[in-house]
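Asks: Dropping the structure in here first, questions after.
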Amino acid sequence: MKRYVLHMFRRHRSASITAVVLVALLLIVTAAELTARGLLEGRLAATVDRKLGQGSEVDIDGGPTLLALFERHLDAVTVSSDHATVGRVPDVSVHARLDDIRLTGDHSGTVARTHAEVEVPAASLQSLATAPDGRLPVSGVRLDAEADTLTLVLGQGGLGEATLKPELRNGHLSLRLEDAEILGNPAPAALVDRIQKNLTGRTDTAYPLGLKATSVDITETGLDVTLAGGPSRFPTRNGV
């Protein structure tokens, strides 16, 4: 009987020690996983911030981050920002997904494909359309989803109006000037050319990760733009 009791005690103690060891290992692995995830997300966020501006949030999708770091491969990463700059369009909301990422350096890698949804509010369109010299400020923006147009209110007192139609051109969001008037009369040709040149110059810029605009819709609050991209490096050599 004593031998049986002693055997059961030793077995119970061994099981208890094993359980403690397993719990300790689990805690260590969990802590290491959280540390690795935080480190990698921080590095990716720093890279994204250089492209979109400060304040981006990065989430790693897929399996354990420790395994991803060992294999230098991520299934997918989602990026969100409420105050990003895409091209020269300021203060937009971005939600993007990067698939099949291969890490090749400290802050670099390759991505197989990217998909992004961008919301451009009226205030950003107003800022985009205002000429750099400030000679003809844009004091407001009216959106018409049914007509698929947006109207810029020119001058502080509503001196004139310019009606624009968003469209896609060579993978970029373009704002085509359809009509412009000053005090109810057709705007001078020189002013029309200046407005269109300013719009073209500020929208015809490269997007990050080789993204191309694939659709654009006017809403009650701004523009919804969808972008997609194929294989690309980040960051690229030209800084885009």
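Asks: Could you count how many residues in the stretch 112-129 are surrounded by fewer than 16 Cβ atoms within 10 Å (Cβ to Cβ) and not in a strand (DSSP E or B)?
Replies: 1
Asks: Please go through the stretch 183-197 and pick out each residue that is touching a residue at least 12 places away in the same chain (Cβ under 8 Å) and outside any loop (DSSP other than H, G, I, E, B).
Replies: Here is the first cut: in the stretch 183-197, the ones touching a residue at least 12 places away in the same chain (Cβ under 8 Å) are 183, 187, 191-192, 194-196.
Hits for the stretch 183-197 are Leu191, Val192, Arg194, Ile195, Gln196.
Asks: For the stretch 154-177, which residues satisfy the criterion of being hydroxyl-bearing (Ser, Thr, Tyr) and either out of contact with any helix residue (DSSP H, G or I) (no Cβ under 8 Å at 6 or more places or on another chain) or at pLDDT 90 or above (or both)? Please lay out each step first, then the result.
Replies: Our first condition is that a residue be hydroxyl-bearing (Ser, Thr, Tyr); within the stretch 154-177, this holds for 163, 174.
Result: Thr163, single match.
Asks: Tell me, which residue of the stretch 103-142 that is among the basic types (Lys, Arg) and at pLDDT 85 or above is nearest to the chain's Cα centre (by Cα)? Steps first, please.
Replies: Kept after step one, since they are among the basic types (Lys, Arg), are these residues of the stretch 103-142: 113, 135, 142.
Subsequent filtering for residues that are at pLDDT 85 or above retains 113, 142.
On the way: Arg113: 14, Arg142: 25 Å.
Checked the stretch 103-142; the qualifying residue nearest to the chain's Cα centre (by Cα) is Arg113.
Asks: May I ask you to say which residue of Thr221, Thr205 is within 30 Å of Thr110 (Cα to Cα) and among the polar types (S, T, N, Q)? Working first, answer last.
Replies: On the way: Thr221 fails: within 30 Å of Thr110 (Cα to Cα).
Only one candidate passes the filter, namely Thr205.
Asks: Here is a list: Ala213, Ala180. Which entry is part of a strand (DSSP E or B), more than 18 Å from Ala228 (Cα to Cα), at pLDDT 85 or above and in contact with a strand residue (DSSP E or B) (Cβ under 7 Å, 6 or more places away or on another chain)? It would help to see each step written out before you state the result.
Replies: Numbers: Ala213 fails: more than 18 Å from Ala228 (Cα to Cα).
Answer to the check: Ala180.
Asks: Taking the conditions exactly as written (modelled with pLDDT under 90, more than 28 Å from Gly157 (Cβ to Cβ) and part of a strand (DSSP E or B)), does Arg233 satisfy them or not?
Replies: Working: modelled with pLDDT under 90: yes; more than 28 Å from Gly157 (Cβ to Cβ): yes; part of a strand (DSSP E or B): yes.
Answer is yes for this residue.
Asks: Looking at (1) exposed (fewer than 13 other Cβ atoms within 10 Å of the Cβ); (2) modelled with pLDDT under 90, which is the only condition Ala145 fails?
Replies: All conditions pass for Ala145, except number (2).
Asks: Could you look through the stretch 64-95, keep only residues that are small (Gly, Ala, Ser) and closer than 25 Å to Gly201 by Cα, and pick out the one that is modelled with the highest pLDDT?
Replies: Initially, the stretch 64-95 is screened for residues small (Gly, Ala, Ser), giving 68, 76, 80-81, 84, 87, 93.
If we keep only those that are closer than 25 Å to Gly201 by Cα too, we end up with 81, 84, 87, 93.
On the way: Ser81: 89, Ala84: 86, Gly87: 77, Ser93: 92.
In this case the residue turns out to be Ser93.
Asks: From Thr205, Thr226, Thr200, grab the single residue that is touching a residue at least 24 places away in the same chain (Cβ under 8 Å), closer than 17 Å to Leu125 by Cα and part of a loop (DSSP other than H, G, I, E, B). Give the derivation first.
Replies: Values: Thr226 fails: part of a loop (DSSP other than H, G, I, E, B); Thr200 fails: part of a loop (DSSP other than H, G, I, E, B).
Checking each option against the conditions leaves just Thr205.
The values are calculated or read from the model by the stated rules, or taken from the named source; none is laboratory data. Please read all numbers here as calculations on a predicted model, not as lab measurements. Glycine also receives a Cβ, built like all others from the backbone with ideal geometry; neighbour counts cover every protein chain displayed.
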